[in-house]
Amino acid sequence: MRGGSVEMTSPAQQRRAVEPDPALDDLVRRAQLGELPAFNSIVLRYQDAVYSLVLRMLSQREAAEDVTQEAFVSAWRHIGTFRGGSFRSWLFTIAANRARDELRKGGRRPTTSLDAARDDPNRADLDPPDDGPSPEGAVEQAEMRAALESALAELPDDWREVIVLSDIHGMDYAEIAGATGVALGTVKSRLSRARSRLREVVLASRELTDAAQRSSDRR
């Protein structure tokens with residue numbers, strides 16, 4: 001999770017978000033013509049990212065699985081309304097809307113740690129690539145990850161949504177505004193407040209502070 005002042009995603013992330021993808025464009029075109037196999041290929045491309053987004057918004061595995069499925073069903077039914085631009089943003093907008101509906105329907109705060117989902121061998125996509133840390137480093141990474149996820153889960157729903165879209169999924173302000181349906185200035189304000197709150201929680205976290213200190217001592 002990044003700290004510091006409010007900032008756009010990196011230029012590299014923004015380029016990746018807008019780079020032409022002829023293969024995806026072809027899949028979308030064919031899906032719009034009613035070819036289910038083409039849409040299934042789209043699902044395979046995005047199911048892990050959509051699930052990750054929804055899980056971090058809801059922090060409940062079963063609900064995230066249901067909402068992810070509902071999001072793709074909705075995308076299939078409405079794919080004819082996609083008129084170009086970033087397909088990923090269009091799909092994430094559907095998923096985020098479904099997740100918000102689930103939060104409103106349940107009237108609840110997230111209660112389940114993402115660590116439970118990460119223990120599922122079929123959900124390895126939720127972890128960053130494994131660069132082969134030492135056993136001590138792996139323990140410290142796990143401690144820091146748990147503290148960060150706990151802090152993330154404590155954020156207000158609307159703050160958590162924008163920071164997940166920005167800092168985890170690399171969406172820029174305009175994409176987040178489109179996905180959340182709020183003004184650009186509101187996105188910036190929520191993201192700034194969310195990052196500030198995370199910094200406060202992280203600094204107050206004994207587990208995270210101790211892990212960071214051990215890592216520094218070994219250098």
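Return the residue satisfying two criteria in turn: it lies in the range 9-20 and is assigned to a loop (DSSP other than H, G, I, E, B) and exposed (fewer than 14 other Cβ atoms within 10 Å of the Cβ), and of such residues it is modelled with the lowest pLDDT.
Selected residue: Ser10.
Working only within the range 153-162, note down all residues that are among the hydrophobic types (A, V, I, L, M, F, W, C) and surrounded by fewer than 24 Cβ atoms within 10 Å (Cβ to Cβ). Scanning the range 153-162 gives Ala153, Leu155, Trp159. Of the residues making up the range 180-204, just one is in contact with a Leu (Cβ under 6 Å, 6 or more places away or on another chain) and modelled with pLDDT of 90 or more, namely Ala194. Elements of the type helices (runs of 4 or more DSSP H) sitting completely within the range 51-142 and holding at least 2 residues that are closer than 17 Å to Glu161 by Cα, of a type in the set (S, T, N, Q) and modelled with pLDDT of 90 or more: these cover 87-106.
Is it true that some residue in the range 32-44 is within 18 Å of the chain's Cα centre (by Cα), closer than 28 Å to Ser150 by Cα and either at pLDDT 95 or above or of a type outside the set (A, V, I, L, M) (or both)? Within the range 32-44, none of the residues are within 18 Å of the chain's Cα centre (by Cα), closer than 28 Å to Ser150 by Cα and either at pLDDT 95 or above or of a type outside the set (A, V, I, L, M) (or both).
The values are calculated or read from the model by the stated rules, or taken from the named source; none is laboratory data. Fair warning: this is a prediction, and the values are worked out from it, not measured in the lab. Glycine also receives a Cβ, built like all others from the backbone with ideal geometry; neighbour counts cover every protein chain displayed.
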